[in-house]
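A.B. asks: Sharing a structure here in structure tokens format.
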Amino acid sequence: EYPKAEAEFKKGIEVQPSRPSNYLNLGTIYASQGRYQKAKKAYEKAENLYKNYEWGDLASPELYLNKAKLLLTLGLYQKARISANHYIKRVPAPGKAHYILGQIYTAMGKHVDALREYSQSGNDPKLKSEAHNNMALIFIQQNLFDRALEELNQAVTIFPILPDAHYNLANLLIQTSGDLIKARRHLETALKLTTNLEGQRRIKRTLDTLS
């Protein structure tokens with residue numbers, strides 16, 4: 001599917017090279033394939049075209065969200081932060097961008113800022129659960145285990161099929177000499193939800209420590 005979609009967007013660019021949406025879509029195709037530098041160039045081209053031509057509409061907010069994700073992957077944190085903030089200015093419920101900002105600040109070691117952004121990740125259950133999970137990881141780094149436990153319990157309550165939250169909750173219970181029966185239950189849940197083979201092996205190794 002990717003080669004076909006790529007060819008279609010490239011054809012659209014040939015026909016109308018000043019239309020930014022084709023570059024935006026092409027960038028998304030590149031990013032999905034891990035072709036990050038090509039994606040970055042395509043997004044930048046789309047952004048410049050939105051700025052320099054009148055299309056009767058504003059730049060797509062998704063351009064800034066996708067670009068922020070890409071720049072985060074490339075480790076260009078300041079530029080990623082700028083793109084995420086552009087998205088926040090353009091949509092009424094920018095929880096996705098606040099979540100990305102949380103990831104950016106975590107990568108930069110700015111934990112206070114990361115916690116603030118994660119707390120604004122919106123009401124989408126999966127994203128909100130992932131935010132609570134990531135906040136817990138920060139609290140674990142700070143040895144604030146009670147707060148981490150609270151966040152992880154919220155994560156598995158809000159979105160019960162997030163395997164990472166179950167795994168991290170089980171690990172925390174084990175490390176803090178908590179309820180090992182509950183830890184086993186969360187590990188077994190994580191194992192059922194995990195499709196990645198390496199992830200399954202990791203969970204099984206942890207389960208073996210409880211035998």
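Nothing in this text is a laboratory measurement; each read-out follows from the coordinates by a stated rule. The model shown is predicted, which means the values in this text are computed figures rather than measured ones. No Cβ is skipped: glycine too gets one built from the backbone with ideal geometry, and neighbour counts run over all protein chains shown.
A.B. asks: Classify the range 143-211 as rounded, prolate or oblate from the Cα gyration tensor: take a ≥ b ≥ c as the square roots of its eigenvalues, call it rounded if a/c is under 1.5, otherwise prolate when a/b beats b/c and oblate if not.
C.D. replies: oblate
A.B. asks: Can you pick out the pairs among K79/K110; K11/K40; K10/K89; K45/K69; K182/K204 whose Cα atoms lie more than 27 Å from each other?
C.D. replies: With Cα atoms farther than 27 Å apart: K10/K89.
A.B. asks: Then there's this: Using θ = phi - 60° and the Karplus form 6.51 cos²θ - 1.76 cosθ + 1.60, what ³J(HN,Hα) does each residue of the range 10-25 get, whole Hz, x for Gly and Pro?
C.D. replies: Each residue's phi maps through the Karplus curve to give 5, 5, x, 5, 5, 6, 9, x, 9, 8, x, 4, 5, 5, 4, 5 Hz.
A.B. asks: Same structure again: Please give me, ordered by residue number, the chymotrypsin sites (Phe, Trp or Tyr not before Pro) of the range 16-77 that lie in loop per DSSP and have at most 11 other Cβ atoms within 10 Å.
C.D. replies: The qualifying sites are Y53.
A.B. asks: Run lengths n ≥ 4 of DSSP H only: what is the helix-derived mean residue ellipticity at 222 nm for the chain, with -39500 (n - 2.57) per run over all residues, to the nearest 500?
C.D. replies: Mean residue ellipticity, 222 nm, calculated: -24500 deg cm²/dmol.
A.B. asks: Mind checking the range 25-119 for GluC sites (Glu not before Pro) that DSSP puts in a loop (not H, G, I, E or B) and that have at most 15 other Cβ atoms within 10 Å?
C.D. replies: For GluC sites (Glu not before Pro) across the range 25-119 that sit outside H, G, I, E and B with at most 15 neighbouring Cβ atoms in 10 Å, the list reads E54.
A.B. asks: If you don't mind, another one. If you compute semi-axes √(5λ) of the Cα gyration tensor in Å for the structure shown, which of [x] 47, 23, 13; [y] 26, 25, 14; [z] 39, 20, 13 do you land on?
C.D. replies: Recomputing semi-axes √(5λ) of the Cα gyration tensor in Å here picks out [z].
A.B. asks: Can you classify the range 57-125 as rounded, prolate or oblate using the Cα gyration tensor, where a ≥ b ≥ c are the square roots of its eigenvalues, rounded means a/c under 1.5, and otherwise it's prolate if a/b beats b/c and oblate if not?
C.D. replies: Oblate, since a/c reaches 1.5 and b/c is not below a/b.
A.B. asks: Is the range 19-83 best put as rounded, prolate or oblate by its Cα gyration tensor, with a ≥ b ≥ c the root eigenvalues, rounded for a/c under 1.5, and otherwise prolate when a/b is larger than b/c, oblate when not?
C.D. replies: oblate
A.B. asks: Turning to a different aspect of this structure: So if I place +1 on the C-beta of Lys and Arg and -1 on the C-beta of Asp and Glu, and nothing else carries charge, what would the dipole magnitude of the range 60-169 be about its Cα centre? I want it in debye, nearest 20.
C.D. replies: The calculation lands at about 540 debye.
A.B. asks: Share of Cα-Cα pairs in the range 1-123 beyond 17 Å, in percent?
C.D. replies: Summing the P(r) of the range 1-123 above 17 Å gives 58 percent of all pairs.
A.B. asks: Would you mind counting up the charge near F159? Only other residues with Cβ under 11 Å from its Cβ, with Lys and Arg at +1 and Asp and Glu at -1.
C.D. replies: Its environment carries a net charge of -1.
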